[in-house]
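Notes for the one structure printed next.
The values are calculated or read from the model by the stated rules, or taken from the named source; none is laboratory data. Keep in mind that what you see is a predicted model, and the values were worked out from it rather than measured. Heads up, the Cβs are rebuilt from the backbone with ideal geometry, glycines too, and the neighbour counts pull from every protein chain shown.
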Amino acid sequence: MKGAAAGAVAAIPSAGAEWTNRFAREWRDMFLKHWESTKHYTMQIFDAMPTEHFDSKPVPEQRSFGEQMAHLGSANVAYMRAFGVMDAPQAAAGKDRDSVRRYVAATFDYVTEVLKKLEEPALSRKDLKFNARLKPHSGSDLFMRAYMHTAHHRGQAVVYLRVKGIVPPAWEFEPTA
């Protein structure tokens, strides 16, 4: 995890892209560090599931492990498309493990790149729609939705691993000191 955290520091936008509001700038930089950590951990969970169990379900009514992970990625895309700053990654080319893995990793990178490209006022916008059924969100709301949605479904993925007798990787929280 230490390498992932170090990479996250390098991912912070350059001084030329600096935001003037100190709180907004610190929030952005903190989010980027934590987003890199959550990507790293999510991909560890993904990689812990062997190929032969990729399509398994704890119960018939639930998504398979692969479908759950693809859903996690598609939500990352849905939230960030609301900003309209760059093209999103295409959905997984197939339902196989390698295609879904590439897609999920690309959606994490997409969230990072969207935040790095945003102008400072976008974080406090309150008119962003990612779903016609829901009320508009602020920019920071969408990033927090992505973070929380990822944690929610990653937690479910841990159960999928446990059902198969697999001990999941341990979460390593990287503080932003």
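Contact map, the stretch 84-101: residues that are among the hydroxyl-bearing types (S, T, Y) paired with residues that are at pLDDT below 95 and surrounded by 13 or more Cβ atoms within 10 Å (Cβ to Cβ), Cβ distance under 9 Å, separation 6+ or inter-chain. Pairs shown: S99/A92. One residue alone among A15, A24, A11, A75 is over 19 Å from K164 (Cβ atoms) and modelled with pLDDT of 95 or more, and that residue is A75. Residues in the stretch 83-104 that are among the small types (G, A, S) and either touching a helix residue (DSSP H, G or I) at 6+ places or on another chain (Cβ under 6 Å) or surrounded by 20 or more Cβ atoms within 10 Å (Cβ to Cβ) (or both): A88, A92, A93. The single residue among Y79, Y110 that is in a helix (DSSP H, G or I), touching a Pro at 6+ places or on another chain (Cβ under 6 Å) and aromatic (F, W, Y) turns out to be Y110.
Pairs are defined by a Cβ separation below 8 Å, a sequence spacing of at least 6 or placement on different chains, a first member in the stretch 24-48 that is more than 14 Å from F143 (Cβ to Cβ), and a second member that is surrounded by fewer than 18 Cβ atoms within 10 Å (Cβ to Cβ) and among the aromatic types (F, W, Y); the pairs so defined are S37/F173; Y41/W171.
Taking the criterion of being of a type outside the set (D, E, K, R) and within 15 Å of G84 (Cβ to Cβ), the residues of the stretch 116-130 that qualify are L118, P121, A122, L123, L128, F130. For the stretch 84-95, state whether one or more residues are assigned to a helix (DSSP H, G or I) and over 13 Å from S140 (Cα atoms). No, there is no match, as no residue in the stretch 84-95 is assigned to a helix (DSSP H, G or I) and over 13 Å from S140 (Cα atoms).
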